Amino acid sequence: MRATLYQVDAFADRPFEGNPAAVVPLETWLPDAVMQALAAENNLAETAFFVPEGEAYRLRWFTPTTEVRLCGHATLATAHVIFTQLGYSAPEIAFETLSGRLTVTRDGDKLAMNFPAEKPKPMPEPEGLSDALGAKPRAYARTANVLAVFDTPQEVAGLKPNFPQLAKILTPFNAVLIASARTPEDGEFDFVSRVFAAAHGINEDPVTGSSYCTSAPYWARVLGKDDLVARQISARGGTVWCSHRGDRVVIQGRCADYLKGEFEIPDHLLSDEPGR
């Protein structure tokens, strides 16, 4: 069996910034073990696989080590591939996922994802987490992930986590850690963040769309505004436009194409029960 693979830089204005994702269109599911092996071989933060399902697509995401319930940048990359490479002409794409139905629409030169909002609640500091981060946040909050709030962007930029220690602390939560801070009022952005996913095999994720399901509602409440511009200040960096809409968050970004290729899967690997 031969299949096509696209690699797209999501939340990027040009190649080599934002967050790279592999996107694999399928007609029918591959076995789960094969998709996981392909994700490990790609060695990117996420590899997305999708198949047609009625008028929508069923979308799944794999890190090099595990399947995840929600991924923003690989959803953005998948929509980009469908719109630009597969001749999709409707204005909106619907994806059925482990996190329910997600939609992506065109908005000028950006793509807009409609995701569930996760409103953070205050939480006490998990034991040892400040030591693992190498700095003490002003506050912690919790959704499916852990939000560490700092006073300044400089503190967030200067973090040098102990990743094995961080993974040990976060694995019981099955969570990523979002380190975030507001920016000065006259700045280009409303807040900055970095995202550490050591519990999922990724020390630092370059730009993490799903993290804004947590950070956008938090900063919308703190800053008193629903439309926000954020910058993820990883080494690659990326800009994310966020709109808090009650129980939903609209997350926008641009994509840049990097490569298109083909791979072949030996027939003997396809004999297992295919993915759901």
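The values are calculated or read from the model by the stated rules, or taken from the named source; none is laboratory data. Fair warning: this is a prediction, and the values are worked out from it, not measured in the lab. Neighbour counts are summed over all protein chains in view; Cβ atoms, including those assigned to glycine, are modelled from backbone coordinates with ideal geometry. Ligands, DNA and RNA are excluded from the accessible area calculation, which covers all protein heavy atoms including side chains. Shrake-Rupley method; radii C 1.70, N 1.55, O 1.52, S 1.80 Å.
Filter segment 250-276 down to residues that are modelled with pLDDT of 95 or more, part of a strand (DSSP E or B), surrounded by 13 or more Cβ atoms within 10 Å (Cβ to Cβ) and not aromatic (Phe, Trp, Tyr), then give me how many there are.
Of the residues in that region, 8 qualify.
Which members of segment 1-25 meet the condition of being more than 19 Å from the chain's Cα centre (by Cα) and open to solvent by less than 20 Å² (accessible area, probe 1.4 Å)?
Passing the criteria: only Ala3.
Would you pick out the residues in segment 130-179 that are in contact with a Pro (Cβ under 8 Å, 6 or more places away or on another chain) and of a type in the set (D, E, K, R)?
Across segment 130-179, the qualifying residue is only Arg142.
Look at Val51 and say whether it is free of Cβ contacts under 8 Å to residues at least 60 places away in the same chain, closer than 20 Å to Gly209 by Cβ and either outside any loop (DSSP other than H, G, I, E, B) or open to solvent by less than 10 Å² (accessible area, probe 1.4 Å) (or both).
The answer is no for Val51.
Please specify each residue of segment 26-57 satisfying the condition of being under 20 Å from the mean Cα position of the chain (by Cα) and acidic (Asp, Glu).
The answer is Glu41, Glu46.
Just the residues that are farther than 14 Å from Leu133 by Cβ, of a type in the set (S, T, N, Q) and open to solvent by less than 20 Å² (accessible area, probe 1.4 Å), please, taken from segment 174-209.
Result: Thr208, single match.
Could you look through segment 153-166, keep only residues that are in a helix (DSSP H, G or I) and open to solvent by 20 Å² or more (accessible area, probe 1.4 Å), and pick out the one that is nearest to Leu223 (Cα to Cα)?
Restricting to residues being in a helix (DSSP H, G or I) and open to solvent by 20 Å² or more (accessible area, probe 1.4 Å), the top hit is Pro153.
Can you tell me which of (1) at pLDDT 95 or above; (2) of a type outside the set (Asp, Glu); (3) touching a helix residue (DSSP H, G or I) at 6+ places or on another chain (Cβ under 8 Å) is the one Leu102 doesn't meet?
Evaluating Leu102 over (1) at pLDDT 95 or above; (2) of a type outside the set (Asp, Glu); (3) touching a helix residue (DSSP H, G or I) at 6+ places or on another chain (Cβ under 8 Å) leaves (1) as the failure.
Based on this model, can you work out whether His80 counts as open to solvent by 10 Å² or more (accessible area, probe 1.4 Å) and part of a helix (DSSP H, G or I)?
Here the answer is yes, as His80 does meet what is asked.
Looking at (1) within 23 Å of Gly238 (Cβ to Cβ); (2) touching a helix residue (DSSP H, G or I) at 6+ places or on another chain (Cβ under 7 Å); (3) at pLDDT below 95, which is the one condition that is false for Tyr88?
Checking Tyr88 against (1) within 23 Å of Gly238 (Cβ to Cβ); (2) touching a helix residue (DSSP H, G or I) at 6+ places or on another chain (Cβ under 7 Å); (3) at pLDDT below 95, the one that fails is (1).
If we keep just the residues of segment 222-249 that are small (Gly, Ala, Ser) and assigned to a strand (DSSP E or B), which is nearest to Pro206 (Cα to Cα)?
Of everything passing the filter in segment 222-249, Gly238 is nearest to Pro206 (Cα to Cα).
Please work out which one of (1) farther than 19 Å from Leu44 by Cα; (2) small (Gly, Ala, Ser); (3) within 17 Å of the chain's Cα centre (by Cα) is the condition Ala220 fails and give its number.
(3)
Give me the pairs: first residue in segment 146-168 and under 17 Å from Val195 (Cβ atoms), second residue of a type in the set (Ser, Thr, Tyr) and assigned to a loop (DSSP other than H, G, I, E, B), beta-carbon distance under 6 Å, and six or more apart or on different chains, which are they?
Note: pairs meeting the criteria are Pro153/Thr183.
Please go through segment 85-105 and pick out each residue that is in a strand (DSSP E or B) and either hydroxyl-bearing (Ser, Thr, Tyr) or over 21 Å from Glu53 (Cα atoms) (or both).
Thr97, Thr103, Thr105
Under 16 Å from the mean Cα position of the chain (by Cα) and at pLDDT 95 or above: which single residue out of Arg60, Arg69 fits that description?
Arg60
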